[in-house]
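J.: Got a structure for you, written out below as structure tokens; questions coming shortly.
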Amino acid sequence: MPEKYHIETKAVPPRRPRIGKFGVLDWREDCARCHNCVKKACVWDRYRQEAEYVRTLNAVDTLFFECMGCFSCVQNCTKGLLRLSVNPAWEKLGNSYWKPAIIQTTWAQAETAKIPVSGAGYRGPFTGPGFDSMWTDMSEIVRPTRDGIHGREYISTAVDIGRKPAYLNFQGESFRTDVPCLSIQMPLILNVQSAQHTLPKLGPATRETARRTDLIAMARPSELPFLTEDPQKILPYVAFCLSPEEPVVPPDAMRQTRLVETYDGPDVVSRIQRLKDKYPHIVVSIRVPLDATGIHRAVDLACREEIEVVHVLADANGNQIGVDKPLFLTDMIRKIHTTLIEKGVRDEVTLIAGGGIALAEHMAKAIICGADLVSIDLPLMIGLECHLCDRCEPGRSCPAKLEDVPFDYAAGRMTNLIGAWHDQLIEVMGAMGMREARRLRGDVGRAIFFEDLEEETFGKLFGKRK
Amino acid sequence: MASFSAKESNLAAILPAKTLETRVPQVQVERKIATAPSRYRNEISKYILRRSHDCIHCGKCAEICPYGVHVRKGSYKLFCEPKSHLCIGPACEKTSHYCVAACPQKALQIVENPMMEILGDYRWTADLILATWRMAETGHVPPAECGFEHRVGNSGGGFDKLRFKFPEKPSSTVSKDEIDTSIELNRRGDDRPQIRIDVPWYGGGMSFGSVSNVTQLSKARACTAWNTFTCTGEGGYMERMRPYDDHVITQVATGLFGVREETIQRVPIVEFKYAQGAKPGLGGHLLGDKNTPAVAKMREAVLGISLFSPFPFHSVYSIEDHMKHLDWIKHINRRALVSTKVSTPNDVDMVAVGSYAAGSHILHIDGGYGGTGAAPDIAKKNIAMPIEYAISRVHKFLQAEGVRDKLTLIASGGIRTAHDIAKSIALGADGVVIGTSEMVALGCVRCNRCESGRGCPRGIATTDAELAAKMNIEWGTQRLINLYNAWREELVDILWRFGMRSVAELRGRTDLLMHLDYTNDGEQ
């Protein structure tokens, strides 16, 4: 049995004051001076912490917002002077897709590496668009689940990237394949950040994160040479994104990498062929944007014998790019996956899906829909306390000060985030009774889709859905 | 008392001598409705009534207000802080007792409380929380003029989109006093006792550890008063629960914390917990901070460490294995009914039939949006289906298999109101299990901090002695008795409007329901 995959994590506290959801408004002018102050009785001791925070504040840049929202002080104050309110800074986090709650939980996971656990039941809407329109399935008694995370069973989250041979090829006494295929320990690769979010200090930290987690980080060739990094150590965990705008990667570097990604185009097959001739050990992925023609293009490419990996990318919110009524990532993955099954080539090609993967649950759901693995970029940024404020322009201040992010802090936070995602993946896989991430791919039997469930249950009772 | 007590004359024949010897006298709790006001100084209100310094304390407002908002104690000249939570807000404008208009100094003002936007969530809206508090305080459904939407939440699906199709005129042939809300729990026709509970719900499993002993005892006493059941959860059986043995379900779950033969022998119902709706497939979870000396002792565990019940039962990988478990319980306690608690996966209907075949009297299905003392967020939202779908599926499948009337189907996981209960029954359940609603009645604000540090800051879901002391058993019992009464009144009203004499008549009547997102012209 292989050694159990484990990500070493260590708490990395935030550099900036936390931005919590709640704040208590205090109308001091009417205070009764009753000496019975409920602030002393705060279970969380937040008032004392706030006082200390204010005393040590160098500049008034943010208030103390770590109230837990229990209303106890509000309800016990002798004069009823306290009011709870939502922190306006919290409401401004993220956007309509990357909601404040997503930003907040990502910060917490990057800090602690722990699975978010809370009391009381689910608080959110019954269902929603995109990833929120499906549930993962589980079972007991007739199909037992697994006790992976706290129990005895080893749940493998490893996946393969590369073309898998359709049949075994025995030469002499040993089995070998003619095409390279690499395995990574989680169904996750670390994508390059968009040009807007590319900062010099992020690259080294992302690559170090890939090394620590035994994953692959994508990099632009223009980032070479890696001045602060040991190429021998880091290159096996790097996949260069080749493009016409980027310089050519030196052969020394290419020889040490295991995966490269190239752009799509009419000459893509011949480009891949040239790469393979020169570097036969490398797996080559093609980056296909999921625009109006993206699904067809991904299928066409995947059906070609020369193609090993197709990396499809929706926009940052998981939507189809540049169309009026965009499909969501899950639907696009399902279309590609099922078409490849119909064409009989699904097992031979690797499908990486990216865009809109914001939470660990999205990783599991994208795989259930048919991706072999997913790519992420923004969650890594958010893990570094990014607000997604969209002010990433020269001359404008970054609230997370990402331009001078310390290496250990950034690599630690990203590693923690991936560690938390890994544990959450094991949690849902355990519940689904899955022992291998490879086998989760496209297993929609382990999912429950809102539309199907509505039709099967309420559709029979109440007619057609309006 | 529950009707199984008639069999108690045979207890000597069927219970081991040791159990009989140690059985303590059972306590009766009076089913009396009494006011149980909030234990907080400032009750959160939907509207805030402000009194300005222009007030001349003439007393006109107190004179006309029928709700008791304006209070001036004894011989005091000044008024107390207005009791805003009793104010009905703008609905009062059209009445003759609108204090704002009547005030000669125009010193009064009513505004909506901005904290209403913060209190609660999609499933438990601020209105639902405040209405539940009001029911727990008064024992009755808040009058319509209070303006609380107390029937549905704002989740945008499931129960919140289902409505009853009430006839225009209620039936005149049925009197509300005649309406029977009791349900039978043993339908197998075996030699086990016939147990009937007076209301179609019982309390969900909450262990000592997840909640305080005050909370557990308050639940047990309220259930005794209402002749229904509470459940110990998987955390052992408190000695202080023993005077209520006849109204207790004890749980056997994978961790077997505190499970002993003697605890199984004490009770009329034993529940096998395979899964919990909030965290299906993940087992139990008690964080280390809540594992206090008392909890550790009861669970026979090491102090301060996090306790996990593994998943699944490693001795159950088939229905036959499940049957072996049930047989074991039935052998140890020969008067007990056996309940099987499962979550709601796609094949929950098959699990239901299998569980019947294995010998269960009760199948308890716990939906994906159910409550918990601690669960990974990824599990709460993403695993297994909401209960609304599962009830209908299981009911129909059991019907098709011809065993529907031999198994009691109990639903839980997101049942918040009397209307949710009625909808569950109309979808096909016999009754429901409740949990979060009881916590809200005791003062929970849904802050989601049950698992953190010392536990619930409201003193409900905690094992910290100082926090638990924020509530006393008498108050907790009364709040729950009141809530049950308000719910029963509302359930009776629903049945009365349909002209039904018994809650059993409502079971499976999906023809009485409509869904706001559907054309509602489907064949039932």
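J.: Give the residue, chosen from B:GLU21, B:GLU43, B:GLU30, that is within 30 Å of B:THR224 (Cβ to Cβ), touching a residue at least 40 places away in the same chain (Cβ under 8 Å) and surrounded by fewer than 12 Cβ atoms within 10 Å (Cβ to Cβ).
T.: Unique residue meeting the criteria: B:GLU30.
J.: Test A:ILE352 against the criterion of being buried (at least 22 other Cβ atoms within 10 Å of the Cβ), more than 14 Å from chain B (Cβ to nearest Cβ), more than 11 Å from the chain's Cα centre (by Cα) and touching a residue at least 24 places away in the same chain (Cβ under 8 Å), and give yes or no.
T.: Working: buried (at least 22 other Cβ atoms within 10 Å of the Cβ): yes; more than 14 Å from chain B (Cβ to nearest Cβ): yes; more than 11 Å from the chain's Cα centre (by Cα): yes; touching a residue at least 24 places away in the same chain (Cβ under 8 Å): yes.
Answer is yes for this residue.
J.: Out of all the residues in region A:51-71, is one or more touching a Ser or Thr at 6+ places or on another chain (Cβ under 9 Å) and either closer than 30 Å to B:PHE79 by Cβ or in contact (Cβ under 8 Å) with a residue 12 or more places away in the chain (or both)? Even if it seems obvious, please write down each step before you answer.
T.: Initial filter on region A:51-71 (touching a Ser or Thr at 6+ places or on another chain (Cβ under 9 Å)): A:68.
Subset that is either closer than 30 Å to B:PHE79 by Cβ or in contact (Cβ under 8 Å) with a residue 12 or more places away in the chain (or both): A:68.
There is at least one residue in region A:51-71 that is touching a Ser or Thr at 6+ places or on another chain (Cβ under 9 Å) and either closer than 30 Å to B:PHE79 by Cβ or in contact (Cβ under 8 Å) with a residue 12 or more places away in the chain (or both).
J.: Being more than 8 Å from chain A (Cβ to nearest Cβ), without any contact (Cβ under 8 Å) to a residue 24 or more places away in the chain, surrounded by fewer than 24 Cβ atoms within 10 Å (Cβ to Cβ) and not in a helix (DSSP H, G or I), is that true of even one residue in region B:282-302?
T.: Scanning region B:282-302 turns up at least one residue that is more than 8 Å from chain A (Cβ to nearest Cβ), without any contact (Cβ under 8 Å) to a residue 24 or more places away in the chain, surrounded by fewer than 24 Cβ atoms within 10 Å (Cβ to Cβ) and not in a helix (DSSP H, G or I).
J.: Out of everything in region B:251-281 that is over 30 Å from A:ASP137 (Cβ atoms) and touching a Gly at 6+ places or on another chain (Cβ under 9 Å), what residue ends up being nearest to the other protein chains (Cβ to nearest Cβ)?
T.: The qualifying residue nearest to the other protein chains (Cβ to nearest Cβ) is B:GLY258.
J.: Can you go through B:SER75, B:SER38 and tell me which one is at pLDDT below 90 and part of a loop (DSSP other than H, G, I, E, B)?
T.: On inspection, the qualifying residue turns out to be B:SER75.
Condition check ((1) within 12 Å of another protein chain (Cβ to nearest Cβ); (2) closer than 21 Å to A:ALA360 by Cβ; (3) in contact with a Ser or Thr (Cβ under 6 Å, 6 or more places away or on another chain)) across all residues:
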| site | (1), (2), (3) |
| --- | --- |
| A:LEU84 | yes, no, no |
| A:LEU93 | no, yes, no |
| A:TYR97 | no, yes, no |
| A:GLN104 | yes, yes, no |
| A:THR112 | no, yes, no |
| A:VAL117 | yes, yes, no |
| A:GLY124 | yes, yes, no |
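J.: Would a scan of region B:224-247 turn up a residue that is crowded, with 24+ Cβ neighbours inside 10 Å, within 14 Å of another protein chain (Cβ to nearest Cβ) and at negative phi?
T.: No, the conditions are met nowhere in region B:224-247.
J.: Kindly indicate whether any position in region B:387-394 is touching a strand residue (DSSP E or B) at 6+ places or on another chain (Cβ under 8 Å) and either of a type in the set (Asp, Glu) or under 30 Å from B:GLU137 (Cα atoms) (or both).
T.: Checking region B:387-394: at least one residue is touching a strand residue (DSSP E or B) at 6+ places or on another chain (Cβ under 8 Å) and either of a type in the set (Asp, Glu) or under 30 Å from B:GLU137 (Cα atoms) (or both).
J.: If you scan region A:412-445, which residues turn out to be surrounded by 24 or more Cβ atoms within 10 Å (Cβ to Cβ), touching a strand residue (DSSP E or B) at 6+ places or on another chain (Cβ under 6 Å) and under 25 Å from A:MET332 (Cβ atoms)?
T.: Across region A:412-445, the qualifying residues are A:VAL428, A:MET432, A:ALA437.
J.: Ok, one more. Please specify each residue of region B:466-477 satisfying the condition of being part of a helix (DSSP H, G or I), out of contact with any strand residue (DSSP E or B) (no Cβ under 8 Å at 6 or more places or on another chain) and touching a residue at least 40 places away in the same chain (Cβ under 8 Å). Before you say what the answer is, go through the steps one by one.
T.: Start the filter on region B:466-477 by keeping residues that are part of a helix (DSSP H, G or I), which leaves B:466-468, B:473-477.
Filter once more, keeping what is out of contact with any strand residue (DSSP E or B) (no Cβ under 8 Å at 6 or more places or on another chain): B:466, B:473-477.
Those that are part of a helix (DSSP H, G or I), out of contact with any strand residue (DSSP E or B) (no Cβ under 8 Å at 6 or more places or on another chain) and touching a residue at least 40 places away in the same chain (Cβ under 8 Å): B:ILE473, B:TRP475, B:GLY476, B:THR477.
J.: Quick one: B:ARG488 ticks every box in (1) more than 15 Å from the chain's Cα centre (by Cα); (2) surrounded by fewer than 23 Cβ atoms within 10 Å (Cβ to Cβ) except a single one, so which number is it?
T.: Checking B:ARG488 against (1) more than 15 Å from the chain's Cα centre (by Cα); (2) surrounded by fewer than 23 Cβ atoms within 10 Å (Cβ to Cβ), the one that fails is (1).
J.: Return a yes/no flag: does region B:177-190 have any residue that is in a helix (DSSP H, G or I), more than 20 Å from the chain's Cα centre (by Cα) and within 14 Å of chain A (Cβ to nearest Cβ).
T.: No, region B:177-190 contains no residue that is in a helix (DSSP H, G or I), more than 20 Å from the chain's Cα centre (by Cα) and within 14 Å of chain A (Cβ to nearest Cβ).
J.: Related question: It is to be established whether one or more residues within region A:330-349 are under 24 Å from A:ALA113 (Cβ atoms), surrounded by 24 or more Cβ atoms within 10 Å (Cβ to Cβ) and free of Cβ contacts under 8 Å to residues at least 60 places away in the same chain.
T.: Checked region A:330-349: no residue is under 24 Å from A:ALA113 (Cβ atoms), surrounded by 24 or more Cβ atoms within 10 Å (Cβ to Cβ) and free of Cβ contacts under 8 Å to residues at least 60 places away in the same chain.
J.: Report yes if A:MET414 is modelled with pLDDT of 90 or more, under 22 Å from A:GLU153 (Cα atoms), of a type in the set (A, V, I, L, M, F, W, C) and not in a loop (DSSP other than H, G, I, E, B), otherwise no. Before the answer, list the steps.
T.: On the way: modelled with pLDDT of 90 or more: yes; under 22 Å from A:GLU153 (Cα atoms): no; of a type in the set (A, V, I, L, M, F, W, C): yes; not in a loop (DSSP other than H, G, I, E, B): yes.
No, not satisfied.
J.: Select from region A:64-79 the residues that are over 20 Å from A:VAL54 (Cβ atoms), in a loop (DSSP other than H, G, I, E, B) and within 40 Å of the chain's Cα centre (by Cα) and list them in ascending order.
T.: Residues satisfying the conditions are A:GLY69, A:CYS70, A:PHE71.
J.: A follow-up question, please. Within region B:305-326, can you find the residues that are more than 8 Å from chain A (Cβ to nearest Cβ) and either closer than 25 Å to B:GLY431 by Cα or in contact with a Cys (Cβ under 7 Å, 6 or more places away or on another chain) (or both)?
T.: Correct list: B:MET323, B:HIS325, B:LEU326.
J.: Also: Considering only residues of region A:97-117 that are farther than 18 Å from A:ILE19 by Cα and out of contact with any strand residue (DSSP E or B) (no Cβ under 6 Å at 6 or more places or on another chain), which is surrounded by the most Cβ atoms within 10 Å (Cβ to Cβ)?
T.: Ranking the candidates gives A:ALA113 first.
J.: Still on this structure: With (1) in contact (Cβ under 8 Å) with a residue 12 or more places away in the chain; (2) farther than 24 Å from A:ILE376 by Cα as the list, and A:ILE321 as the residue in question, which single condition is left unmet?
T.: Tallying (1) in contact (Cβ under 8 Å) with a residue 12 or more places away in the chain; (2) farther than 24 Å from A:ILE376 by Cα, A:ILE321 fails exactly one: (2).
J.: If a residue must be more than 19 Å from A:LEU461 (Cβ to Cβ) and of a type in the set (Phe, Trp, Tyr), how many such residues does region B:491-520 contain?
T.: Final tally of qualifying residues: 1.
J.: Would you mind stating whether A:ASP291 is of a type outside the set (Gly, Ala, Ser), more than 25 Å from A:ASP443 (Cα to Cα) and modelled with pLDDT under 95?
T.: no
J.: From the set of residues in region A:219-237 that are of a type in the set (A, V, I, L, M) and part of a loop (DSSP other than H, G, I, E, B), which is farthest from A:GLU308 (Cα to Cα)?
T.: A:LEU227
J.: Check off (1) among the polar types (S, T, N, Q); (2) within 14 Å of chain A (Cβ to nearest Cβ); (3) under 30 Å from B:LYS165 (Cβ atoms); (4) touching a strand residue (DSSP E or B) at 6+ places or on another chain (Cβ under 9 Å) for B:THR462 and give me the number that stays unchecked.
T.: (3)
J.: Go through region B:75-96 and report how many residues are more than 11 Å from chain A (Cβ to nearest Cβ), polar (S, T, N, Q) and under 29 Å from the mean Cα position of the chain (by Cα).
T.: Summing the residues that are more than 11 Å from chain A (Cβ to nearest Cβ), polar (S, T, N, Q) and under 29 Å from the mean Cα position of the chain (by Cα) in region B:75-96 gives 0.
The values are calculated or read from the model by the stated rules, or taken from the named source; none is laboratory data. Bear in mind the structure is a predicted one, so any value in this text is a computation, not a measurement. Because the Cβ atoms are built from the backbone with ideal geometry, glycine has one as well, and the counts that use them run over all protein chains shown.
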